[in-house]
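Comments concern the structure below.
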Amino acid sequence: MQMGMVGLGRMGANMVRRLLHGGHECVVFDVSPDAVKTLVKEGAIGASSLDDFRAKLTKPRVAWMMVPAAVVEQTLADLSARFEPGDILVDGGNSYYVDDLRRAKALRAKGIHYVDSGTSGGVWGLERGFCQMIGGESEVVKHLDPIFATLAPPLDSAPRTPAREKLAPSTAEHFFERIGSN
């Protein structure tokens with residue numbers, strides 16, 4: 001699957017690396033050209049501007065934002081001005097849910113899908129996986145399942161609690177069992 005990443009700090013860059021290792025295609029953009037160049041050397045497709053970023057994404061475009069909280073609104077506005085109905089914007093920050101509801105409503109009016117996916121894992125996420133708290137329209141989230149599965153920790157990364165040992169794994173534990181490998 002192809003996905004774009006805006007924001008190549010320590011977590012954003014490692015999420016791209018995990019996705020590349022999982023066989024996905026990543027288009028990357030950051031305000032730091034050096035951050036883009038580093039990931040291009042590792043197999044990502046670099047973009048020199050948001051217009052270039054948009055042009056390199058295939059429809060429906062998927063852009064994941066891993067930017068500081070102070071620039072989420074502006075980044076979202078910049079991307080949504082370039083995106084079309086059917087495209088998908090994902091905020092990987094841990095935004096206040098009321099802000100996510102407002103953003104989803106505003107983008108829905110433009111026909112753009114919004115997914116909030118509060119992401120944690122820090123610099124260790126590359127090796128261990130990233131935990132995600134995902135919210136959005138069911139069909140859009142399902143479309144993104146291959147991305148979420150690749151980013152998630154392996155199913156056996158933590159022991160199951162005694163009450164859940166005999167139950168089938170749920171998506172709360174990991175997507176892999178439901179969708180298979182890429």
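The values are calculated or read from the model by the stated rules, or taken from the named source; none is laboratory data. These numbers come from a predicted model, not from an experiment. Every residue, glycine as well, gets a Cβ built from its backbone with ideal geometry; the counts of neighbours run over all protein chains shown.
Confirm whether Ser48 is within 27 Å of Cys131 (Cβ to Cβ), touching a strand residue (DSSP E or B) at 6+ places or on another chain (Cβ under 9 Å) and among the hydroxyl-bearing types (Ser, Thr, Tyr). Spell out the reasoning first.
Working: within 27 Å of Cys131 (Cβ to Cβ): no; touching a strand residue (DSSP E or B) at 6+ places or on another chain (Cβ under 9 Å): yes; among the hydroxyl-bearing types (Ser, Thr, Tyr): yes.
So Ser48 does not fit the description; no.
Looking at the stretch 105-118, which of its residues are aliphatic (A, V, I, L, M) and either at pLDDT below 90 or closer than 15 Å to Val62 by Cα (or both)?
Leu107, Ile112, Val115
Here's a check for you: in the stretch 119-148, which residue that is at pLDDT 90 or above, of a type in the set (Gly, Ala, Ser) and surrounded by 14 or more Cβ atoms within 10 Å (Cβ to Cβ) is nearest to Glu42 (Cα to Cα)?
Top of the filtered list is Gly129.
Just to verify a result, which residue in the stretch 149-178, among those that are closer than 25 Å to Gly93 by Cα and among the hydrophobic types (A, V, I, L, M, F, W, C), is modelled with the lowest pLDDT?
Only one residue fits best here, namely Phe176.
Within the stretch 107-118, how many residues turn out to be surrounded by 16 or more Cβ atoms within 10 Å (Cβ to Cβ), closer than 14 Å to Asp87 by Cα and of a type in the set (D, E, K, R)?
If we filter the stretch 107-118 for residues that are surrounded by 16 or more Cβ atoms within 10 Å (Cβ to Cβ), which is where we start, we get 107, 112-118.
Filter once more, so that each one left must be closer than 14 Å to Asp87 by Cα: 107, 112-115.
Next, only the ones that are of a type in the set (D, E, K, R) stay: none.
Qualifying residue count for the region: 0.
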